[in-house]
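A quick write-up on the structure given underneath.
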Amino acid sequence: MAKVEFEKRWSLHGTTALVTGGSKGIGQAIVEELASLGAKVHTCARNQEDLDKSLQHWQSLKLNVTGSICDVSSRAEREKLMELVSSLFQGKLNILVNNAGTSILKRSLEFTAEDYKNLMAINLESAFHLSQLSHPLLKASGAGSIVFISSIGGFLAFPLLTLYGATKGAINQLTRNLALEWATDNIRVNSVAPGPIITALLKASFEASSDTSLSSVNSGTPLGRAGQPVEVATVTAFLCMAAASYITGQVIVADGGIMMGRSL
């Protein structure tokens, strides 16, 4: 019996999950981690070619993953996505990972109204609305878990990331409020706040800023390196497990130690 209980705590077998923005980077790593631990996963992406490539890769690994196209900045497409997920998983969902996000690297005075609208729609509005839409499915599962992918940019200021940081700061607070409101529905809500992770977004920041490079990230991080997407995925998966059943309303930082005493 002890072995059975142990395996139940540290497995996702029998669970269902939706991961947004899962065709590359951190999202792709999260999809693979959840599916490898036994979850049935549906993911979405904006680009059909990227999605198809990822689905072929997961199929070769014999992972139980499906996918569809969705622009999460569109309210109508978010609603269509959740209708599909409800159909796929018979009206129940155990896990929602709000991973989809983007950034526009500019100085604060250069941002336009359109920039603001796009960043808020993708990084904040979509995460809130998908959480609302998923609530009845998560509640119906009897043990729901929402994980937002935030950033240490929601705590610290970085060059060219003013609006990005604002959206991530809002995500951190959204985590706490939803965790408080939905605890009675047996839905836990947490965030993972990565530091510098080797993704296309980090590489774009290197190109946009003459002050930032991989070497400066490495030297400015106590562990001496940038992180890998799988190192965010493992924390995310833990928060979705029964092993984390008493954790809610938390923002878990995975940054190589930067928040201990910023040096970047």
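Descriptive notes on the structure:
- The lone exception for Ala140 - which of (1) more than 23 Å from Asp115 (Cα to Cα); (2) of a type in the set (Gly, Ala, Ser); (3) buried (at least 19 other Cβ atoms within 10 Å of the Cβ) it fails: (3)
- Only one of the numbered conditions (1) under 21 Å from Leu119 (Cβ atoms); (2) open to solvent by less than 20 Å² (accessible area, probe 1.4 Å) is not met by Ala179, and that is (1).
- Counting only residues that are buried (at least 16 other Cβ atoms within 10 Å of the Cβ) and either modelled with pLDDT under 95 or not in a helix (DSSP H, G or I) (or both), region 228-246 holds 1 of them.
Matching residues to (1) touching a residue at least 60 places away in the same chain (Cβ under 8 Å); (2) within 14 Å of Thr20 (Cα to Cα); (3) among the small types (Gly, Ala, Ser):
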site	(1), (2), (3)
Ile104	yes, no, no
Ser108	no, no, yes
Tyr116	no, no, no
Leu124	no, yes, no
Thr162	no, no, no
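- Output for region 48-103, where each listed residue is within 26 Å of Trp182 (Cβ to Cβ) and of a type in the set (Asp, Glu): Glu77, Glu79, Glu83
- Subset of region 158-175 [open to solvent by less than 20 Å² (accessible area, probe 1.4 Å) and either touching a helix residue (DSSP H, G or I) at 6+ places or on another chain (Cβ under 8 Å) or in a loop (DSSP other than H, G, I, E, B) (or both)]: Gly165, Thr167, Lys168, Ile171, Asn172
The values are calculated or read from the model by the stated rules, or taken from the named source; none is laboratory data. All values reported here derive from a predicted model rather than from experimental measurement. Because the Cβ atoms are built from the backbone with ideal geometry, glycine has one as well, and the counts that use them run over all protein chains shown. Remember, those area values only see protein heavy atoms, side chains included, never the ligands or the DNA or RNA. Shrake-Rupley method; radii C 1.70, N 1.55, O 1.52, S 1.80 Å.
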